[in-house]
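Contents: one structure, followed by commentary.
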Amino acid sequence: MTASASLSLFDIVALRREFPILNQSVNGKTLAFLDSAASSQKPRRVIDCLEDYYRRYNANVHRGIYRLSEEATFAFERARGKVARFINARSQREIVFVRNTTEAINLVARSWGDANLREGDRILLSIMEHHSNLVPWQMLAQRTGAKLEFLPIDGEGRLALDNLDAQLEGVRLVAITQQSNVLGTINPVAEIARRAHAVGALVLVDGAQSVPHMPVDVQALDIDFLAFSGHKMCGPTGIGVLWGRRAILDQMPPFLGGGSMIKVVGLHESTYADVPARFEAGTPAIAEAIALGEAVDFLQEVGMDRIYAHERELLGYALERLRDVDGLRVYGPTTTEMRGGAVSFTLDGVHPHDVAAVLDSEGIAVRAGHHCAQPLHAHYNIPATTRASFYLYNIPEEVDRLVAALHKVRTLFG
Amino acid sequence: MDDLYRELILEHYKHPRRRGRLEHPDISAEEHNPLCGDRVRIDLRIENGIITDARFDGRGCAISQASASMLTDEIVGMPVEQAKQFSKEQLLDLIGIPLSHNPVRIKCALLPLKTLKAGLYGVGHAPDDDEV
Ligand SMILES: Cc1ncc(COP(=O)(O)O)c(C=O)c1O
């Protein structure tokens, strides 16, 4: 990407003003929020959108014959359409609203997995998966007798695909993250999908870290399922998305049973609604879904290409500046090539929690821990890392403050 | 600077007093904090109802490790019955962290006490197990 494609500093100043939370002090310093990989901040218009729903047209969807309910239903379904266009789905019927990425993956494991997997079938994952794209498959394997296989990573923290075709033998499903929340690595999902489809396997992509940060086109990637969370992409908590290929969703049995997901209910059995209603039992997160639609509008107005380019510039600057800190080791790719803006690191002789606590005293919010990726940390033989992660509202000055604070940690613990 | 990282804590973190293992300890206990992966093991020598030697081992943040160093130092020479009564307030007082501090860090600070109690009472049997 060229510099002109990214957000100019002038844009950023205006853009930061859209995020009320950024305008505050923490421990006497301006807040530097570097933990968007855990959850992003929300622009004013998303916050307003939630409030507008509760003030003006709060009513349950898909049931009322009155004005408010019609308005709520219209806004809810319009949000589904916005999300569909955002990821270039063929139809908005392919968009299932769930709570988050975790629920989307569990839905596929329970519904598709229980109906399709038999003893001896294989599921291919990677060792860099978030627990939410690992534990549901472990549980499925325990229920069905299916086996888990893992793609390894190389010294740069990239997937090692040399043995992919051999590892794909007997595989029914590949479940892989598009961007690691620890290493930042962006995985070649389209290539993996092509080779997986050649042996008849389906491909589920964990888009929790990719959909918020770069253009994602499910048709271009030619995948089968995509899971992502609203709260990491400027939307509210409590709303997430499962996208699935229509032909596959149509064949899948329900996940949760209850209201909204039925056609006709008898005392002893029922028939089920078409997708996506079949997978949306009970009253959904109405306000949150509508506000996710607003977040998607916001992201598209800024432009996903520009967001990606902006984060890439920040990342490049951060990787360069962090090289100056003694005893600091960054995990994951050392260049910005196929790499997103999550930077996990360790500092010799200082526990990641202590690093994060000192940074907090400087008003810098980062995360410390295993980031729900214990197997990956075990691979590196470390219990935890400290992670700084960027989003569209971050600025180079925050990288400078991060680096200065890390020098301070060095002095304190030196 | 951050009130957590005062001289005393950094001093004990960099130069722990009783890090290591005892040979044939009378009591040995280990506890984890699953949230951050902190781990503390405490070995005790007990003679005639008195703790006559203590060592700790483990890995974790400055707070948990400094707390373990100070706690093991404190309990040597103490009757077992008195050590059983050692409270979280006493420990926080000893290491100089206010109870009102960030609860996540308080958990780090209290991990060694939880380990000590698990050793003295048996795992999960300390009367104030929930709090520690
Ligand atoms: C790569 C990845 N997958 C899945 C998740 C789970 O997202 P959620 O907690 O919103 O379900 C996360 C978020 O932490 C993530 O980073």
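The values are calculated or read from the model by the stated rules, or taken from the named source; none is laboratory data. These figures come from a predicted structure and were not determined experimentally. Neighbour counts run over all protein chains shown; Cβ positions are idealised from the backbone, glycine included.
Tell me which residues, restricted to the range B:14-65, are in a strand (DSSP E or B) and within 14 Å of another protein chain (Cβ to nearest Cβ). Passing the criteria: B:32, B:33, B:38, B:39, B:40, B:58, B:59. Assess whether residue A:305 counts as being modelled with pLDDT of 95 or more and out of contact with any Gly (no Cβ under 9 Å at 6 or more places or on another chain). It is true that residue A:305 is modelled with pLDDT of 95 or more and out of contact with any Gly (no Cβ under 9 Å at 6 or more places or on another chain).
Restricting attention to the range A:173-196, the residues being within 13 Å of the ligand (Cβ to nearest atom), in a loop (DSSP other than H, G, I, E, B) and not aliphatic (A, V, I, L, M) number 5.
Pairs meeting the criteria (first residue in the range B:95-123 and within 14 Å of chain A (Cβ to nearest Cβ), second residue of a type in the set (Ser, Thr, Tyr) and buried (at least 18 other Cβ atoms within 10 Å of the Cβ), beta carbons under 8 Å, at least 6 apart or on different chains) are B:108/B:64; B:108/B:67; B:109/B:64; B:109/B:67; B:111/B:64; B:111/B:67.
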